[in-house]
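S.K.: Could you have a look at this structure, given as structure tokens, before my questions?
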Amino acid sequence: VWPPIPTMIRDEKTSPVVTTAFVAPPLHDFIPFEPLERKEPVRAKKAEPSLFDDPPDVQAENLPSEPSAEELFREGFRELNAGHLDKALDLLKKSVTLKPEFAKAWSALGNALEEATQDDAALSAYRESLKYDTAQWRPMFALGRILVRKRQMPEAIDRLEAAFRMSKRDEGVKILLAQAYTQAGRPEKAAELM
């Protein structure tokens with residue numbers, strides 16, 4: 001019953017009626033109580049940005065991050081070793097697009113292009129690799145190998161000689177250099193080398 005009715009309490013020893021206080025009936029008598037069930041934890045709301053706040057960080061917005069040039073290179077190299085040539089080419093091209101000075105990625109792209117029998121594009125990739133890192137002997141050797149196939153012997157011999165010096169006399173480089181000497185009409189140099 002609302003409003004509460006004053007309750008009269010009698011003291012057994014005294015007979016006058018004393019009004020002591022208002023006593024309200026319990027609230028649950030009038031409102032059915034059902035406990036709330038929460039399926040998700042309560043999270044504090046983000047404060048709205050003001051004019052004086054710093055601009056939001058793009059990385060903090062939970063945007064999917066783009067793979068780095070190094071990650072693309074590693075994945076492309078794995079795909080190349082697995083024999084998935086088209087996927088490897090795609091990943092390695094993206095890697096050198098993101099980081100044009102990435103010599104190893106250019107070299108791997110040259111390998112993939114050479115596998116795809118695109119020798120002119122492979123030559124360009126190997127040259128880019130050597131432009132950014134001249135101390136690599138493998139792209140130098142690959143460049144010489146393609147030039148031998150294209151019958152461009154003077155440049156092929158220059159590249160193979162450089163690769164031979166840098167590789168500390170690698171057997172594969174030595175054999176190809178001897179073949180290049182022979183094809184160039186210099187069998188005495190090939191015999192000297194072997």
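The values are calculated or read from the model by the stated rules, or taken from the named source; none is laboratory data. Note that the coordinates shown come from a computational prediction; the quantities given were computed from them, not determined experimentally. Cβ: placed from backbone, ideal geometry, glycine included. Neighbour counts: every protein chain shown. In case anyone asks, the SASA skips ligands and DNA or RNA and just uses the protein heavy atoms, side chains included. Shrake-Rupley method; radii C 1.70, N 1.55, O 1.52, S 1.80 Å.
S.K.: Can you tell me the mean projection area, over all orientations, of the convex hull of the stretch 93-194's alpha carbons? Units nm², please.
M.R.: Taking the Cα atoms of the stretch 93-194, their convex hull projects to 6.0 nm² on average.
S.K.: If you don't mind, another one. Could the peptides 104-113, 138-147, 74-83 be put in order, highest first, of the mean number of other beta-carbon atoms found within 10 Å of their residues?
M.R.: The packing order, highest mean first, is 104-113, 138-147, 74-83.
S.K.: Follow-up question, since we're still on this one. What figure, in Å² to the nearest 10, do you get for the accessible area of THR97 with a 1.4 Å probe and non-protein molecules left out?
M.R.: 110 Å²
S.K.: Which log10 I(q)/I(0) values, to two decimals, does the stretch 79-150 give at q = 0.13, 0.19, 0.23 Å⁻¹ under the Debye formula with one point per Cα?
M.R.: Results for the stretch 79-150 at q = 0.13, 0.19, 0.23 Å⁻¹ read -0.31, -0.67, -0.96.
S.K.: May I pose another question? Going down the table (LYS104/LYS174; LYS99/LYS131; LYS99/LYS168; LYS104/LYS150; LYS168/LYS189; LYS94/LYS131), which pairs top 21 Å between alpha carbons?
M.R.: Cα-Cα > 21 Å for LYS104/LYS174; LYS99/LYS168; LYS104/LYS150; rest within.
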